[in-house]
Amino acid sequence: MPPDARPADLVRHFDSCVELYSERVAVDSGAETWTYRQLADRSRRLAARLAAQAGRPLAGERIAFCVDLG
C-alpha cells in the first residue's frame with residue numbers, strides 16, 4: 001500500500017487478502033497464530049462491539065488503541 005493510501009483503500013486491500021489468502025497466517029505472535037479469515041472475523045466483532053458501546057455506527061472514523069508491547 002502506498003503511504004498516502006486512504007482508509008477505504010486499506011479496507012479494500014485487507015478484504016482482498018481475506019478472499020485470496022483466507023487460510024494463510026496473517027498474524028503470528030509466537031503464542032498464537034490467526035489466519036486472514038480469523039483476523040477478519042475478530043476485527044468485525046471488535047468493530048461491532050465498539051459501535052455498540054458508542055451507541056452509533058463508527059464507519060469511517062479512526063480509533064486509536066494503546067497496547068503494552070513489552
Spatial extent of the chain: Rg and Dmax, with the Cα atoms as the point set, Å: 13.7, 36
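Can you tell me how much longer the chain between E23 and D41 gets when fully stretched, taken as 0.36 nm per residue apart minus their C-alpha distance, in nm with one decimal? Can you show the working numbers first?
Working: separation 18, 0.36 × 18 = 6.48 nm, distance 1.25 nm.
So the chain would gain 5.2 nm between E23 and D41.
Under a 1.4 Å probe, what is the accessible area of the chain per residue, stated in Å²?
On the way: 6040 Å² over 70 residues.
Accessible surface, normalised per residue, equals 86 Å².
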Accessible-area composition of the chain, carbon plus sulfur, in percent [1.4 Å probe]: 54 percent
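The values are calculated or read from the model by the stated rules, or taken from the named source; none is laboratory data. Quick caveat, the model's predicted, so the values are computed rather than measured. In case anyone asks, the SASA skips ligands and DNA or RNA and just uses the protein heavy atoms, side chains included. Shrake-Rupley method; radii C 1.70, N 1.55, O 1.52, S 1.80 Å.
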